[in-house]
Amino acid sequence: MNILACDTSTETMRIFLAIGDEENPFIQFGSRLLDIDGMHSEHLVVQMQQLLADFKLTFREMDLLACTAGPGSFTGLRIGMSALKGISLAGGIPLVSIPTMDVLAHTVGFFPGAIVPVIDARKHRFYSTVFADGRRQSPDLDCDGAEVGKLLEGSEMALVTGPDAKAFSTQITGYTGKLVVDTQRWRDVGPALIELGLRKYKEKGADDIGTGPTYVRRSDAEVALQQKIERMRHEQHND
């Protein structure tokens, strides 16, 4: 079974290829990590083709495609999912998307306490949630440290992980347990993304073609449009 996956939820692009069978999907494994400052549209498809070429494979020989669904970079998520949808439609290959926070948490699933995956959401906010005993304690959040501190109540120990773990850990307040910060900024999330993608496909099948990225926050364009509508309504009311 050949599985191609990508993560474009941050400014760093990550691509993964797993070649195996039902019992072991990782008989062969390849990956690429490129710190491209969010320029996914210029590099994603080319880098996927090059990774496949390293194993003498093509897109049409893939059995499953997987990507992170968000939250994360609005543009990055759209580009990643759009590229895989195009490959999926052209080759009749099933596609599944996995929440970014689930992938980050699954990568450090060996940790015995609560897990706090996190990505910088800009504007002094972060995308995060809390996993305890293998279960989510909340939906994906656009939050600050105080909100996560409340969710950690009752956990003796917690691990903050993800590319922005260090920055976020200093903002967590109200938590009295032992807080551990993951010092490995770019963990290899490929195995986690592929494992979760394969599990979802076996249990639920491929995503519907209309499935899109998960946005916890409205985009700047949506906010600007809403503000414009409100101003127009205010002006009409005053007239």
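The values are calculated or read from the model by the stated rules, or taken from the named source; none is laboratory data. Treat the numbers as computed from the prediction; the structure is a model and nothing was measured. Heads up, the Cβs are rebuilt from the backbone with ideal geometry, glycines too, and the neighbour counts pull from every protein chain shown. Quick note on the areas: whole protein, heavy atoms, side chains included, nothing else; ligands and nucleic acids left out. Shrake-Rupley method; radii C 1.70, N 1.55, O 1.52, S 1.80 Å.
Couple of notes before you dig in:
- Entry comment: accessible area of the stretch 11-144 is 44 Å² per residue, from protein heavy atoms only and a probe of 1.4 Å.
- Other residues within the sphere of radius under 14 Å centred on the Cβ of Glu11, judged by their own Cβ, net out at -3 (K and R +1, D and E -1).
- Overall form of the stretch 1-96 per C-alpha gyration tensor (a/c, 1.5; a/b vs b/c): prolate
- When a 1.4 Å probe is rolled over the protein heavy atoms, the share of accessible surface on the chain that falls to carbon and sulfur comes to 50 percent.
- Length gained when the stretch Asp133-Asn24 is fully extended (0.36 nm per residue, less Cα-Cα span): 36.7 nm
- Beta bridges by DSSP in the chain, antiparallel share as percent, to the nearest 5: 60 percent
- Which labelled figure in (i) 14.6; (ii) 11.8; (iii) 15.6 is mean projected area of the Cα convex hull in nm², once derived from the coordinates: (iii)
- Cα-based shape type of the stretch 107-193, given that a ≥ b ≥ c are square roots of the gyration tensor eigenvalues and the cut on a/c is 1.5: rounded
- At full extension, Thr173 and Lys204 could sit 7.3 nm farther apart than now, given 0.36 nm per residue minus the alpha carbon distance.
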